[in-house]
Structure formats: C-alpha cells, structure tokens
Amino acid sequence: MSGTLYGIGLGPGDPELLTLKAHRLLQRVPVIAYPAPDGAPSLARTIAAPHLPGGQVELPIGLCMAVDRAPGQGGYDAAAPEIAAHLEAGRDVAVLCEGDPFFYGSFLHLFARLSPRFATEIVPGVSSVMAAAAALRRPLAVRNDRFAVLPATLPDAALRPAIEAAESVAILKLGRHFGRVKALLAEMGLMAGALYAERVTQGGEHLLPLAETGETAPYFALILLYKGAEPAILASERP
C-alpha cells in the first residue's frame, strides 16, 4: 500500500501553537519535507524541531521566492517525484507548512501535484492572522462585520475597493509593498484604526500602531485594520 501524504500546519512560529494532531504525526512519520527558501534556514523546520524525534528522512524543498509564479515552481517540480517515491514505497510523508497549509500555504503546490495519486490529509494550523489578532488584542470581527484578507501584492486599484467593502481587514505579504500600502491607508484616512504586527510569536516580534512604524517591513508582517461600528473591537488593544 502507498503511504499517506500529510500537509501539516505548524502555526505562525511558536512551537507550542501546534495542534495535538500535528504533534502526534510528527512523532511517527518516517519522512518529513519542508520549504527552504533560497538556501536560507527553513522556518518550518525550526518551528517543528522541538517535536521531531530524530532519525527521520528529511527532504528540504529549495524554493525561489520570486514575485512571478513560474520561477518558484521548479522546487515543487523537483520535490514531487522524490516525495512520490517514498509514498509509493509505503512511507508516510509529512510536509511542514508555516501557518495553515491551505491559507496561502506552500503545501498547496504539492497538493496539486500529488493528491490525485496518493491519500492526502490536511492538518490545519493557526494562521498568522489569528495569532496577530491575539497578540494585538484586536478582535477580528463581531456580529455582522465583513472581514477581508488581502495580499499587499495587489495594486492599489484592487486594494482600495476591497478595503472599502469590509469593516475589518487583514493585509498580508507586506515586504517591499509596505510603504505603498501604508500610504494608501493614510490617503484613505484609515491610519487611526490600523495596527501592525511583525514576526508574530517569533523572535523579534513587533506590535505597534501602523502610524508609528517606519517605511520598511519584512515579508512576515501584516496590518490589521478596523473601521466598523463595534466599540468592543477597539476597547482593549495592546499597543
């Protein structure tokens, strides 16, 4: 029989935010695979490290973190046959994924390549959005609020109407787009309700009002914006 492919959500960075199911599977699978972007240390491997028993086969997936979709696909093209070989030999494989596998997760690319051929199970994880809301003491939504999750990679012409259409907004993937997005929110008069979270639950975590930030931000940063009418949302913010 073929092995099972597991997409395991690891959460935003704190190893204690793994689910019990993720921990159980990490303890028993014989093979783990994880993204290692551009030769840098793997964040996914670092999060999972305290829960790994040792002795497992490890398959780093070399990724090019390019803006365009095509260059980044090479790593998945190379990893899929290697993972498939273990599955065909009857060995379960756990693919480690920061946050949640199906929420902008790198596992999505392997899921598309391998799930039609092999039994696949998804283990959800805590997303950075939920972790940031908890750290900032900023509830995401209440009652009839509409909540939008937007990538900062979208142009202003797409971001503006999406922001206008929701009471609560999370803007992810800031990186080199941070200055532009911050300027857009200032232009829209929304800075007062905007909070910034960087590397949530990781070393170097920063939490502060967006208005107090500089002009640069890492990829692992996000903005939480609230412009609805529920006072409870703004009552107990940390910054």
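The values are calculated or read from the model by the stated rules, or taken from the named source; none is laboratory data. Computed from a predicted structure; not experimentally measured. Heads up, the Cβs are rebuilt from the backbone with ideal geometry, glycines too, and the neighbour counts pull from every protein chain shown.
If a residue must be in contact (Cβ under 8 Å) with a residue 60 or more places away in the chain and of a type in the set (Val, Ile, Thr), how many such residues does the range 161-183 contain?
Residues that pass the stated criteria total 1.
Got at least one residue in the range 17-40 being free of Cβ contacts under 8 Å to residues at least 24 places away in the same chain, over 17 Å from Ile122 (Cα atoms) and not small (Gly, Ala, Ser)?
No: the range 17-40 contains no residue that is free of Cβ contacts under 8 Å to residues at least 24 places away in the same chain, over 17 Å from Ile122 (Cα atoms) and not small (Gly, Ala, Ser).
Among the strands (runs of 3 or more DSSP E) confined wholly to the range 5-116, which include 1 or more residues that are modelled with pLDDT under 90 and crowded, with 22+ Cβ neighbours inside 10 Å?
By residue number, 57-63.
Yes or no, residue by residue, for (1) assigned to a strand (DSSP E or B); (2) within 16 Å of the chain's Cα centre (by Cα):
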{"position": "Leu159", "(1), (2)": "no, no"}
{"position": "Ile163", "(1), (2)": "no, no"}
{"position": "Ala170", "(1), (2)": "yes, yes"}
{"position": "Phe178", "(1), (2)": "no, no"}
{"position": "Ala183", "(1), (2)": "no, no"}
{"position": "Leu195", "(1), (2)": "yes, no"}
{"position": "Gln202", "(1), (2)": "no, yes"}
{"position": "Thr216", "(1), (2)": "no, no"}
{"position": "Ile223", "(1), (2)": "yes, yes"}
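On the basis of being among the aliphatic types (A, V, I, L, M), out of contact with any strand residue (DSSP E or B) (no Cβ under 6 Å at 6 or more places or on another chain), surrounded by 13 or more Cβ atoms within 10 Å (Cβ to Cβ) and without any contact (Cβ under 8 Å) to a residue 24 or more places away in the chain, does Leu150 make the cut?
It is false that Leu150 is among the aliphatic types (A, V, I, L, M), out of contact with any strand residue (DSSP E or B) (no Cβ under 6 Å at 6 or more places or on another chain), surrounded by 13 or more Cβ atoms within 10 Å (Cβ to Cβ) and without any contact (Cβ under 8 Å) to a residue 24 or more places away in the chain.
Condition check: modelled with pLDDT under 95, under 16 Å from the mean Cα position of the chain (by Cα) and either surrounded by fewer than 16 Cβ atoms within 10 Å (Cβ to Cβ) or on the phi > 0 side of the Ramachandran plot (or both). Does Met1 satisfy that?
No: the conditions fail for Met1.
Within the range 78-94, does at least one residue satisfy the condition of being within 27 Å of Val200 (Cβ to Cβ) and without any contact (Cβ under 8 Å) to a residue 60 or more places away in the chain?
No, the range 78-94 has no match at all.
Just to verify a result, which residue in the range 20-56, among those that are under 17 Å from Asp92 (Cβ atoms) and polar (S, T, N, Q), is farthest from the chain's Cα centre (by Cα)?
Once the filter is applied, the top-ranked residue is Gln56.
In the list Val149, Val181, which residue meets the criterion of being out of contact with any Asp or Glu (no Cβ under 7 Å at 6 or more places or on another chain), among the β-branched types (Val, Ile, Thr) and under 22 Å from Phe102 (Cβ atoms)?
Exactly one residue qualifies, and that residue is Val149.
If you check Gly193 against the conditions, is it buried (at least 18 other Cβ atoms within 10 Å of the Cβ) and either in contact with a helix residue (DSSP H, G or I) (Cβ under 8 Å, 6 or more places away or on another chain) or under 21 Å from Pro12 (Cα atoms) (or both)?
Considered against the rule, which asks whether it is buried (at least 18 other Cβ atoms within 10 Å of the Cβ) and either in contact with a helix residue (DSSP H, G or I) (Cβ under 8 Å, 6 or more places away or on another chain) or under 21 Å from Pro12 (Cα atoms) (or both), Gly193 comes out as yes.
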